[in-house]
Amino acid sequence: MDIPTKANEDAGDPSAGCQFWIDRGGTFTDVVAQNPDGDLVTRKLLSANPARYNDAAIQGIRDVLQLSVGDPIPTEIIETVKIGTTVATNALLERKGERTVLVINHGFADALRIGYQNRPEIFALHPTLPALLYERVIEAPGRYDAGGEELEPMDADMMRAQLQDAHDDGIRCVAVVFMHSYRYPAHEKAVDEIAQDMGFTQVSASHRVSPLIKLVSRGDTTVVDAYLSPILRRYVDSIAGEIGDTQLMFMQSNGGLADARHFQGKDSILSGPAGGVVGAQHRLCVVVVDRNLDPELPLALAPVQREHLVRA
């Protein structure tokens with residue numbers, strides 16, 4: 001593969017650089033690169049090989065650019081790097097996220113544990129509740145009703161004392177979920193500010209993470225975000241630190257790409273699997289056009305792909 005150099009790039013023309021598409025899985029990492037002439041090259045590496053490299057995605061880029069050990073990556077010849085990853089997926093499945101405390105309205109400590117009381121195996125004699133991602137709950141004073149009337153004021157001093165206990169115990173991630181906060185977030189904002197001032201490194205407030213009705217679903221999403229975002233952020237920062245100002249984007253669970261600065265834990269759970277579905281759907285559209293098939297075929301198969309993605 002011919003690699004562009006600074007000398008043969010058009011000044012100020014970002015399209016003069018290489019593009020990288022990377023799928024970072026739990027076992028293997030696949031790299032596809034394209035130079036400005038359209039030539040493609042691929043590499044496949046073990047995702048974990050500490051004897052040879054620290055990160056497979058970065059090593060894949062180095063291999064494509066034919067760099068020697070210790071050579072810095074010439075970021076000026078790279079246009080963009082786009083990555084799908086199962087880092088957050090595996091952390092969730094293996095329960096290796098960060099220790100998290102849930103802050104919720106007084107009287108709702110068990111709301112997320114109870115959930116919607118769905119019973120997928122309705123006749124099971126001993127149903128098993130899913131494991132909780134948070135390890136402790138703080139029941140916060142303060143409550144708004146659905147119309148925005150403050151039924152109970154926030155007690156900042158009490159909130160600060162309870163958060164301090166969690167902080168002293170080594171917890172650094174907070175998920176804040178209050179009733180009706182999607183519309184009336186004042187109390188959540190107050191807790192957010194207190195937690196950040198105290199040194200918590202990850203504060204996920206539901207009015208920012210998922211500003212939608214329904215306490216349980218909004219709460220579940222917020223807890224996942226607090227639980228996974230620190231791990232994801234460390235991975236993103238490690239990649240960004242190697243490629244400098246190069247455009248870095250990540251595949252989200254919805255199949256879209258997000259700038260690395262806006263890639264959050266809640267959007268990363270199906271980052272890797274979603275890329276496969278998007279690729280398969282695109283390829284199917286190409287086949288439909290080439291073979292003059294029913295143009296609605298890709299849409300007809302979308303529910304099947306979704307079912308496989310959910311099961312994955």
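Assorted remarks:
- Selection of the stretch 236-254 for residues being aliphatic (A, V, I, L, M) and closer than 14 Å to ILE269 by Cα yields only MET251.
- Test: residue in the stretch 287-301 that is assigned to a loop (DSSP other than H, G, I, E, B), surrounded by 10 or more Cβ atoms within 10 Å (Cβ to Cβ) and modelled with pLDDT of 85 or more: no
- On the stretch given as the stretch 259-274, residues that are touching a Ser or Thr at 6+ places or on another chain (Cβ under 9 Å) and either of a type in the set (A, V, I, L, M) or in contact (Cβ under 8 Å) with a residue 24 or more places away in the chain (or both) total 11.
- Output for the stretch 14-52, where each listed residue is under 13 Å from ASP63 (Cα atoms) and assigned to a loop (DSSP other than H, G, I, E, B): ARG52
- Filtering the stretch 151-164 for residues that are in the same structural domain as VAL191 (by the TED database) and within 27 Å of the chain's Cα centre (by Cα) leaves a non-empty set.
- Residue among ARG119, ARG95, ARG62, ARG113 that alone is part of a loop (DSSP other than H, G, I, E, B) and free of Cβ contacts under 8 Å to residues at least 24 places away in the same chain: ARG119
- Residue tally, condition part of a helix (DSSP H, G or I) and either of a type in the set (Asp, Glu) or surrounded by fewer than 16 Cβ atoms within 10 Å (Cβ to Cβ) (or both), over the stretch 251-265: 2
- Of the set (1) assigned to a helix (DSSP H, G or I); (2) closer than 19 Å to GLY244 by Cα; (3) modelled with pLDDT under 95, all apply to THR89 but (2).
- Residue under evaluation SER68, criteria (1) farther than 23 Å from LEU232 by Cα; (2) free of Cβ contacts under 8 Å to residues at least 24 places away in the same chain; (3) in a strand (DSSP E or B), criterion not met: (3)
- Checked against the criterion of being within 12 Å of THR100 (Cα to Cα) and hydrophobic (A, V, I, L, M, F, W, C), the candidates ALA195, ALA205, ALA226 yield just one match: ALA226.
- Residue in the stretch 115-127 that is within 18 Å of VAL223 (Cβ to Cβ), loosely packed, with under 11 Cβ neighbours inside 10 Å, touching a helix residue (DSSP H, G or I) at 6+ places or on another chain (Cβ under 9 Å) and not polar (S, T, N, Q) present: yes
- Annotation: THR80 fulfils all but one of (1) part of a strand (DSSP E or B); (2) without any contact (Cβ under 8 Å) to a residue 40 or more places away in the chain; (3) under 17 Å from GLN247 (Cα atoms); the unmet one is (2).
- So LEU112, is it surrounded by 12 or more Cβ atoms within 10 Å (Cβ to Cβ), within 24 Å of HIS167 (Cα to Cα) and under 23 Å from the mean Cα position of the chain (by Cα): yes
- First in the stretch 31-48 and at positive phi, second anywhere and loosely packed, with under 12 Cβ neighbours inside 10 Å and at pLDDT below 95, Cβ under 7 Å, 6 or more apart: none
- Out of LEU129, LEU102, LEU125, sole residue that is outside any loop (DSSP other than H, G, I, E, B) and in the same structural domain as SER217 (by the TED database): LEU102
The values are calculated or read from the model by the stated rules, or taken from the named source; none is laboratory data. Since this is a predicted model, take the numbers as computed values, not measurements. Cβ: placed from backbone, ideal geometry, glycine included. Neighbour counts: every protein chain shown.
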